[in-house]
There are 4 protein chains.
Amino acid sequence: MISFENDYLEGAHEKVLTRLIETNMIQDSGYGTDSFSQQAKEKIKAAIQNPDASIRFLVGGTQTNQVVINSVLHQYEGVLAADTGHISTHEAGAIEFSGHKVLELPSVDGKINATDVDNYISTFYADANHQHMVFPGMVYISYPTEYGTLYSHEELESLSHVCKKYDIPLFIDGARLGYGLASKAADVTIADIAKLSDVFYIGGTKIGALCGEAVVFTKNNEPKHFTNLIKQHGALLAKGRLVGIQFLELFTDNLYFTISEHAVNMALKLKTGFIEKGYQLYLDSPTNQQFFVLSNEKIAELQTKVKFACWEKVDDNHQVVRFATSWATTEENIDTLLALI
Amino acid sequence: MISFENDYLEGAHEKVLTRLIETNMIQDSGYGTDSFSQQAKEKIKAAIQNPDASIRFLVGGTQTNQVVINSVLHQYEGVLAADTGHISTHEAGAIEFSGHKVLELPSVDGKINATDVDNYISTFYADANHQHMVFPGMVYISYPTEYGTLYSHEELESLSHVCKKYDIPLFIDGARLGYGLASKAADVTIADIAKLSDVFYIGGTKIGALCGEAVVFTKNNEPKHFTNLIKQHGALLAKGRLVGIQFLELFTDNLYFTISEHAVNMALKLKTGFIEKGYQLYLDSPTNQQFFVLSNEKIAELQTKVKFACWEKVDDNHQVVRFATSWATTEENIDTLLALI
Amino acid sequence: MISFENDYLEGAHEKVLTRLIETNMIQDSGYGTDSFSQQAKEKIKAAIQNPDASIRFLVGGTQTNQVVINSVLHQYEGVLAADTGHISTHEAGAIEFSGHKVLELPSVDGKINATDVDNYISTFYADANHQHMVFPGMVYISYPTEYGTLYSHEELESLSHVCKKYDIPLFIDGARLGYGLASKAADVTIADIAKLSDVFYIGGTKIGALCGEAVVFTKNNEPKHFTNLIKQHGALLAKGRLVGIQFLELFTDNLYFTISEHAVNMALKLKTGFIEKGYQLYLDSPTNQQFFVLSNEKIAELQTKVKFACWEKVDDNHQVVRFATSWATTEENIDTLLALI
Amino acid sequence: MISFENDYLEGAHEKVLTRLIETNMIQDSGYGTDSFSQQAKEKIKAAIQNPDASIRFLVGGTQTNQVVINSVLHQYEGVLAADTGHISTHEAGAIEFSGHKVLELPSVDGKINATDVDNYISTFYADANHQHMVFPGMVYISYPTEYGTLYSHEELESLSHVCKKYDIPLFIDGARLGYGLASKAADVTIADIAKLSDVFYIGGTKIGALCGEAVVFTKNNEPKHFTNLIKQHGALLAKGRLVGIQFLELFTDNLYFTISEHAVNMALKLKTGFIEKGYQLYLDSPTNQQFFVLSNEKIAELQTKVKFACWEKVDDNHQVVRFATSWATTEENIDTLLALI
């Protein structure tokens, strides 16, 4: 049975795997101090046009969010995020486990806006009781969002501006960063992301790697003794090379962006196919995740032949479903799917 | 320059890598629910002769210790461990970060004994003030220890017995489990480890895998909602298959044990070579880590040609050094080293 | 200047103080094991008609919420609460600091309802991804609420029922419990509170005591080693007698209820006075906190003579203000206030 | 039965109680912003001869240690303390609960020394693996110690010096500060304590107050948003006046020191009496806690008439016992005790 259930269904991109094979028996040092990780960092710095960036490789998305947020925030601070943000909903309380409140803001299509952030923070400081409340200490957004949508350059600039106004960092969760940047709807580059954020991460797990996320501190703002903090979270890989080598390959010859573009193309073909057959979009995503409203009957019928995710209930007879493409999606599978609907 | 600095210098064993390559493009589900992980669990259950065991795959050692200890302990409990135990010394306070005290016991050659555990706990309960103290809620040992030494079957039985007496679990850190079991000095099997402990883990990172540890709950005692707890620690791999596939291969045709034996053989050849040349053992390790007392002069000389770890200062002129072998150590490198000393 | 700023403006009720004076030099044991605390517990058990209840004395409200919630919840659980609940808004992230998420529900006049709780929990369990989400492990409500409003017996029964349905405890924050129960609008007794909740606390700080809250576990459900957990939170008073003696007096001759009734009477007189002079209620509170919508101009004028709390902005020209009465409020001060408006 | 079980057997000193009574009905603001607390702070600043000190009132000792240590340390840091220190042994893991490891140093008569601290820290930084270890971020000592002993001015200066050398704060737990300073063996004043430490606290609970400790930050080093952090720990008293008023009285007319001296005098009379009757000192304490080695038989006999604390087992027939005096100890009770032995 073919699957569009998520974007981590297969192993790694062939080239990434090849690089792992080629380097396999070379001895190198541990905990991310290896030469591969060093080279990968240089490649990423070049890509983001920021030679002073500080880069670290971690294993997965929730881990990265927890380590970054917990390391950057003061203890009296929480993190502002969309009520639909990954840290708000699907990380099993990992942020709270590390002691911090997620301060939820209302969202539209997965996005928050600078005005709401500004109002939240100014209201907070205007409140005579704010010493009894959680200080807003960071803004967290996902690019693309959990609903596949994208912030425009203008929206990101506004968010960046309001963060500067209150001197708090803007953190961009880029678990699917490539799928955002490769979208025709994107009006930002990875260099813009680096410029507009204070810290962001480049997702590898969902884009070509077996595992791994690259955290980028863009403003000489890596937390003090960050290696120790990573270790304290149980997040320091002994064989740090595993992630370093993969990012080295992903950032060689634009691989990360090429394979991201493929995924987006497959998603758009899928979307067009659904629309042409009269299906209803739940929202209009320009990236690798596509959301439709299907009847329960249609869902049951399709599930005998294709895997996909049921997202949420619309009414007693309909649900929002998600089809995800990835670097590994074949056009053949898209055609098979479209033939089925 | 050849290196004996640690046992995670290379990538993965060739067969493990091959299995990753062969399965790479097969679609499977995420978060450890894939069929490879399922098969790997069956292989491990067979190896430990415990069909009812509950097995989970995590990424690294400190992460595993933190997740297991934090998930098993009640909040009012701490974990008893050797003062030289990994959780006591080299995990950056990961156990305390998750809220629990490491209750340190004196050690000899990295080992604690049942009598000291018994005395600690009985003294604790005899103390009228024990409600103001941290309850001893688990015993943690490493097999082999951080100094390469091994507990005998009798010693493990005694520890198991005292844990049963006080109804607390015995947790065995098996980051180098294979290197212990493959030692000629070992008088236990992996089935014994499973029988005598309540929870243990089988180290993959140091024995043939790119990353990964297999946690085994042996007494129908997996913590409730353990998936959620793993997620909360940021330790749930999206592509759980990455670790599952590797353990599937490691537990096929005895690979885990065969490659462990190789490492131990290389270590013994190294040890014999050093002894024959008159070097002083720091302690007599029968496993893959070998500790010697070398003069600073000798250390400086050797360091120009070989990498190894300086462990601790003995006096102003001498240090304890460690040479580690692994599944990847070549006999050629051993010969080169022995020729140098 | 007279003040209605809050309900903790003075020290303790005269009788409470007298009891402290009378017992002052009697030697007794520490940490809540003293005979006064024992007697106070018996008095409370009689008042709540539950001889099997387990009672503990803590110092303040946020401390009590943190200790109870953190001790009762499993690590994978969060606590459901009104978005206006004290733990959601005004405890500086104390619940998150201890590792747990506050799962906010929409509220009306400070209250949540059983249907919303039921929907939240059933939706949670129906979600295929719920292992990646925070488990709802407790329902927290305040009686009276932060807006002075009261749950009816029927509403409490429904909440109790839905908690039983999902086997999670109902925790009632009674920081102002007396002011709720003494209200003419209340259709429950303290025995009903004990019967319908799994754990609740009787607020002393705001009702006659210098400090202190009495936590009551009503269903043989005191957390194991609770003394140790209290100590771990830094919440175990050496001179536990301080709180024990005060509750002993508060629960002698109905003092707790008598002085609560006085506060409510003063509040109703205040409310009536405001209404008669044409002021607008923000909401209709039947307890000791009264909320009005005043113009900024009126606020500025009044603030020269009376202290009260500005609660939130309504529009550019109006704010919600709160006047609180307490056991210590004099009718003279009410008259003075009413003469001013 | 008379008791020497501890130093918190009674309520408050008569004058402290009187001040509470006199101020009882005066309305004042909450959370430590009241005028009494302000006056008390001024009195303390005068006593310590440090007009720039920042002072906060908390409720109890473990709470104070947890709040101070957790607020001052970075997340990657632990606190160095004697293995017999209160935070190491008798706080139920409160420091670890807040995420920090207590790094235990060997002690003699409850004291650590500057050389051991220096060696610990220099060894730590010399260790190539120190990024995997807990950073020593503070030194904690008790004055007097848990065994009633005192650091000399020279010892404190050395500790202060080594802390400055490594730029970490020296924190002095003064739960029994008065009983130390009032000892004839003391060669420091409270001004010296303030000068030599970075933060210390003045214990009230054990010296004349119903509850309360005064934390003093002596070097313009109060943690940012400390009110919020106190609240987050559940340690912010609504009626902060309760502690403020007590310290105001304790620091009026030298009361704190006068009543401390009385306690020490009673302790010395007790010690002399025991020695004259041939009893063996466990160690020679010059403060309010006196430790003797008694036979089990003697202990059993005495326990029928006097309460005291059994501290630890010496051998099968002997135990260390502690007799504590306080501001409230009467000479009559001392005489009764001495007549019994």
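The values are calculated or read from the model by the stated rules, or taken from the named source; none is laboratory data. Keep in mind it's a predicted model, so treat the numbers as computed, not measured. Backbone-built Cβ (ideal geometry, glycine too); neighbour counts: all protein chains shown. Just the protein is used for accessible areas: all its heavy atoms, side chains included, with ligands, DNA and RNA removed. Shrake-Rupley method; radii C 1.70, N 1.55, O 1.52, S 1.80 Å.
Between C:GLY203, C:GLY234, C:GLY208, the distinction of being buried (at least 24 other Cβ atoms within 10 Å of the Cβ), free of Cβ contacts under 8 Å to residues at least 60 places away in the same chain and within 14 Å of chain D (Cβ to nearest Cβ) belongs to C:GLY234 only. Just to be sure I understand, how many residues within segment A:2-40 are touching a strand residue (DSSP E or B) at 6+ places or on another chain (Cβ under 8 Å) and touching a residue at least 60 places away in the same chain (Cβ under 8 Å)? Adding up the residues that qualify gives 10. For segment B:155-180, residues that are in contact (Cβ under 8 Å) with a residue 12 or more places away in the chain and over 30 Å from B:ALA328 (Cα atoms) total 13.
Considering A:ILE55, A:ILE44, the condition of being touching a Phe, Trp or Tyr at 6+ places or on another chain (Cβ under 6 Å) and away from chain B (no Cβ under 14 Å) is satisfied by A:ILE44 alone.
Among the residues making up segment A:282-320, those that are of a type in the set (A, V, I, L, M) and under 18 Å from A:ALA339 (Cα atoms) are A:LEU294, A:ILE299, A:ALA300, A:LEU302, A:VAL306. If A:LEU105 passes every condition in (1) in contact with a strand residue (DSSP E or B) (Cβ under 8 Å, 6 or more places away or on another chain); (2) open to solvent by 20 Å² or more (accessible area, probe 1.4 Å) but one, which one does it miss? The single condition A:LEU105 does not satisfy is (2).
Considering segment D:211-226, the residues that are open to solvent by 10 Å² or more (accessible area, probe 1.4 Å) and within 12 Å of A:GLN75 (Cα to Cα) include one that is nearest to the chain's Cα centre (by Cα), namely D:PRO223.
Counted as qualifying within segment A:238-310 are the helices (runs of 4 or more DSSP H) with 2 or more residues that are outside the structural domain of A:LEU150 (by TED's automatic domain parsing) and surrounded by 21 or more Cβ atoms within 10 Å (Cβ to Cβ), namely A:255-276. Taken over segment D:115-169, the criterion of being of a type in the set (Asp, Glu) and either at pLDDT 95 or above or not assigned by TED's automatic domain parsing to the domain that holds D:GLY99 (or both) is satisfied by D:ASP116, D:ASP118, D:GLU146, D:GLU154, D:GLU155, D:GLU157, D:ASP167. Taken over segment D:99-125, residues that are more than 13 Å from D:MET138 (Cβ to Cβ) and within 14 Å of chain C (Cβ to nearest Cβ) amount to 1. The set of residues from segment D:315-341 being part of a strand (DSSP E or B), away from chain B (no Cβ under 13 Å) and free of Cβ contacts under 8 Å to residues at least 40 places away in the same chain comprises D:ASP315, D:HIS318. When C:TYR120, C:TYR125, C:TYR140 are screened for being of a type in the set (Ser, Thr, Tyr) and over 21 Å from C:LEU156 (Cα atoms), only C:TYR125 passes.
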